[in-house]
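Below is one structure, written out as structure tokens; the observations come after it.
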Amino acid sequence: MIKFPSLKTLSDSLLDTIMRYRWVTLIAFLKTILLIWLTETPFSEKIDRNEITRFCFVAALALPLFLAIQLAGEWRSWKPNVRRGLAALIIAALGGYYMLMDQNPDNSETYRFLIFLLGAHLFVSYAPFIGSGDTEGFWQFNKTLFLQFLNATLYSGTLYIGLLIAVQTVKYLFGIEYSFAVEMDLFLIVSCFFHTIFFLSKIPRPEEDISGYPNGLKVFTQYVLLPLEVVYLIILYAYVGKIVLQWQLPEGRIAYLVLAFSVAGIFALLLLYPLRKSSQERWVSIFARRFYLALLPLIVLLFIGIFRRINDYGITENRYIVGLLACWLAGIALYFLSGRRDDIRWVPVTLSIFCFLLPLGPWNIFVVSKNSQLKQFREILSRNHVLDVKNQITQRKTVTKDDRERLASIIQFFRSRELTGLESYFAGFKEKDKSDFQYYLTMENTLNKFVISEKQEESENYTNFSPLLAKNAVGISVSGFERALFVDANQDKLLGDGHVEIKIGTYGKTWTLYRDKKKVTVWNIADRVNALQASFGSHAEDVPQDSLMLTYGDYKMVFRSLSSDNSSYYGYGVLLYK
């Protein structure tokens with residue numbers, strides 16, 4: 001007969017977990033509150049959202065770091081003063097991280113946070129075994145953490161789905177409209193607080209027996225993960241044979257495939273680690289050595305692929321990390337092939353060190369990536385003699401299609417990260433907020449004007465203007481007008497309602513307005529688009545509505561969009577008239 005735990009048992013377990021991890025529990029609670037606060041804060045309140053985001057980053061990092069100190073103190077029997085000293089050191093480090101963080105966390109800041117977060121979680125895996133030679137205990141401890149994480153995820157997912165159905169049922173049956181983001185708030189409570197507490201409740205104490213090897217883990221690794229590894233190994237070696245026969249360099253993206261295969265293989269071997277000395281499982285140790293031997297040619301392929309990519313397109317954050325992981329893989333493979341002590345702790349230890357060092361110092365991925373892209377930008381411009389004596393783009397030059405695409409790609413690189421550094425190459429550039437859409441658009445427009453591709457794509461001449469993001473885009477006065485004609489020149493050449501007609505000229509360059517078959521006026525759409533392009537660049541969604549209106553007597557054409565594609569012009573909006 002199945003025995004279910006009583007409420008007292010559950011409450012005692014909960015209280016024991018909270019008391020054991022009081023600081024970690026508090027941090028999990030604060031993190032949940034901060035994330036809910038961030039979710040409920042409107043996007044229009046940008047300053048508040050940025051400040052909350054910074055606190056969320058700090059709280060998310062504090063949780064695994066304090067958990068690592070707690071576990072290390074338990075398993076290594078540290079004195080209370082040692083724990084307090086390390087906790088104070090972590091608080092100081094997190095305080096420094098908060099102070100040095102950008103006031104407006106951008107993509108690069110988020111990238112830096114995620115790298116730190118990965119390093120903090122890896123630290124949890126080996127912190128209790130610092131200074132210990134118990135490799136077997138290290139594996140058993142992390143096996144328990146891994147299975148408990150999966151268990152907590154299953155329970156949390158089931159709980160969230162059940163609560164979500166309950167919320168939607170109440171909403172449907174009683175017609176209740178929630179004034180807050182109930183679905184997201186529930187998700188944060190379950191995933192950030194309940195999941196954490198459930199996970200913590202089953203972390204073993206030092207005196208507990210956690211030995212044993214789950215049969216399900218062996219079945220999954222031996223009959224699912226390893227066969228997949230063999231399949232991908234055959235595919236990758238077939239590709240190696242192809243490039244050798246054709247005598248050509250590998251594609252740059254092959255680096256990501258080799259990296260994924262290598263990481264999955266190492267993960268599978270870590271799952272099988274306790275079986276390597278079993279007389280009944282000799283194949284594990286044989287497979288491990290063969291795997292690392294088979295990995296060596298693929299690591300060479302990985303180096304060739306990623307450094308070809310870097311040579312062609314410069315360093316970015318992703319390529320920097322892939323290049324570093326290629327070196328790490330080579331080191332790990334040689335270490336396990338050396339026949340020396342195969343201490344698997346070196347896998348998380350070395351990775352966590354990389355994670356903590358990568359975003360810092362002059363070698364950090366963001367500084368190196370930015371400098372590499374800047375160097376490529378200048379080299380392309382100099383090689384094509386685009387720069388004048390002031391090193392600015394003021395001369396009209398024709399370049400290869402590849403060079404033109406690289407220049408545009410580098411501007412996009414800076415735009416996506418809201419970086420500075422390209423401004424000096426553009427004459428008359430006016431400094432603005434980097435988040436302003438026009439900031440980088442001005443650079444692209446200058447590039448379009450002076451740097452022409454040998455095979456100019458038609459899409460490069462496309463322009464589009466609308467008032468969607470303008471301050472006065474809500475409405476306009478219709479006082480003095482009696483009728484409205486909706487106009488879409490993208491579809492028709494002759495528009496009318498029986499009273500007035502608009503005839504679209506050749507390529508949409510002119511619109512002729514008729515009233516009772518008599519010509520009233522001719523609007524030059526091409527001139528208006530050219531004027532907008534001179535003022536706002538090629539693309540703008542914050543054009544004042546007044547700049548998108550044409551008037552003549554008792555007629556007013558209000559455009560909601562004006563665009564051009566090479567020599568053709570399009571527009572749609574509303575014609576107001578009496």
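The values are calculated or read from the model by the stated rules, or taken from the named source; none is laboratory data. In this text the structure is predicted, and so the values were computed from the model without any measurement. Virtual Cβ from ideal backbone geometry, glycine too; neighbours counted across all protein chains shown. Accessible surface is based on the protein model in full, side chains and every heavy atom, while ligands, DNA and RNA are left aside. Shrake-Rupley method; radii C 1.70, N 1.55, O 1.52, S 1.80 Å.
What are the residue pairs meeting all of these: first residue in region 376-390, first residue within 18 Å of D402 (Cα to Cα) and touching a residue at least 60 places away in the same chain (Cβ under 8 Å), second residue in a helix (DSSP H, G or I) and open to solvent by 30 Å² or more (accessible area, probe 1.4 Å), Cβ atoms under 7 Å, and 6 or more apart or on different chains?
Note: pairs meeting the criteria are V386/F450.
Among the residues of region 382-413, which ones are more than 21 Å from Y440 (Cα to Cα), open to solvent by 60 Å² or more (accessible area, probe 1.4 Å) and either part of a strand (DSSP E or B) or among the β-branched types (V, I, T) (or both)?
V389, T398
With respect to A427, is the statement that it is at pLDDT below 80, outside any helix (DSSP H, G or I) and of a type outside the set (D, E, K, R) true?
Yes: the conditions hold for A427.
Got at least one residue in region 96-107 being among the charged types (D, E, K, R), assigned to a helix (DSSP H, G or I) and surrounded by 13 or more Cβ atoms within 10 Å (Cβ to Cβ)?
Scanning region 96-107 turns up no residue that is among the charged types (D, E, K, R), assigned to a helix (DSSP H, G or I) and surrounded by 13 or more Cβ atoms within 10 Å (Cβ to Cβ).
Given the criteria in the same structural domain as E40 (by the TED database), without any contact (Cβ under 8 Å) to a residue 12 or more places away in the chain, surrounded by fewer than 16 Cβ atoms within 10 Å (Cβ to Cβ) and in a helix (DSSP H, G or I), does L150 qualify?
The answer is yes for L150.
Restricting the first residue to region 68-79 and requiring it to be in a loop (DSSP other than H, G, I, E, B), which pairs with a second residue that is open to solvent by 30 Å² or more (accessible area, probe 1.4 Å) meet a Cβ separation below 9 Å and a spacing of at least six or different chains?
Once the first residue is in a loop (DSSP other than H, G, I, E, B) and sits in region 68-79, its partners that are open to solvent by 30 Å² or more (accessible area, probe 1.4 Å) give S77/P206; W78/L86.
Hand me the list of helices (runs of 4 or more DSSP H) wholly inside region 176-270 holding 3 or more residues that are open to solvent by 70 Å² or more (accessible area, probe 1.4 Å).
226-246
Pairs under 9 Å by beta carbon, first residue at pLDDT below 95 in region 80-101, partner of a type in the set (D, E), six or more apart or different chains?
Pairs found: M101/E109.
Pick from I2, I33: which is at pLDDT 95 or above and either in the same structural domain as L145 (by the TED database) or closer than 23 Å to S201 by Cβ (or both)?
I33
Hey, S479 hits all of (1) among the hydroxyl-bearing types (S, T, Y); (2) crowded, with 16+ Cβ neighbours inside 10 Å; (3) part of a loop (DSSP other than H, G, I, E, B) but one; which does it fall short on?
Checking S479 against (1) among the hydroxyl-bearing types (S, T, Y); (2) crowded, with 16+ Cβ neighbours inside 10 Å; (3) part of a loop (DSSP other than H, G, I, E, B), the one that fails is (2).
From L295, L275, which residue is outside the structural domain of T39 (by the TED database), over 29 Å from P128 (Cβ atoms), hydrophobic (A, V, I, L, M, F, W, C) and out of contact with any strand residue (DSSP E or B) (no Cβ under 7 Å at 6 or more places or on another chain)? First the steps, then the outcome.
On the way: L275 fails: over 29 Å from P128 (Cβ atoms).
Of the residues listed, the single one that is outside the structural domain of T39 (by the TED database), over 29 Å from P128 (Cβ atoms), hydrophobic (A, V, I, L, M, F, W, C) and out of contact with any strand residue (DSSP E or B) (no Cβ under 7 Å at 6 or more places or on another chain) is L295.
Which ones in region 41-60 are under 24 Å from Y178 (Cα atoms) and open to solvent by less than 70 Å² (accessible area, probe 1.4 Å)?
Within region 41-60, T41, P42, R49, I52 meet the criteria.
Assess whether S13 counts as being in contact (Cβ under 8 Å) with a residue 24 or more places away in the chain, hydroxyl-bearing (S, T, Y) and either exposed (fewer than 14 other Cβ atoms within 10 Å of the Cβ) or closer than 30 Å to F366 by Cβ (or both).
no
Out of region 310-333, which residues are open to solvent by 30 Å² or more (accessible area, probe 1.4 Å) and in contact (Cβ under 8 Å) with a residue 12 or more places away in the chain?
Taking region 310-333 and keeping what is open to solvent by 30 Å² or more (accessible area, probe 1.4 Å), we get 310-313, 315, 318-321, 324-325, 327, 331.
I310, D312, Y313, I315, R319, Y320, I321, L324, L325, G331, listed by residue number.
Which numbered condition in (1) over 24 Å from I254 (Cβ atoms); (2) part of a helix (DSSP H, G or I); (3) not assigned by the TED database to the domain that holds I411 is the only one that N371 fails?
(3)
Checking the structure you have, find out if any residue of region 115-128 is within 18 Å of L357 (Cβ to Cβ) and surrounded by fewer than 14 Cβ atoms within 10 Å (Cβ to Cβ).
No, region 115-128 contains no residue that is within 18 Å of L357 (Cβ to Cβ) and surrounded by fewer than 14 Cβ atoms within 10 Å (Cβ to Cβ).
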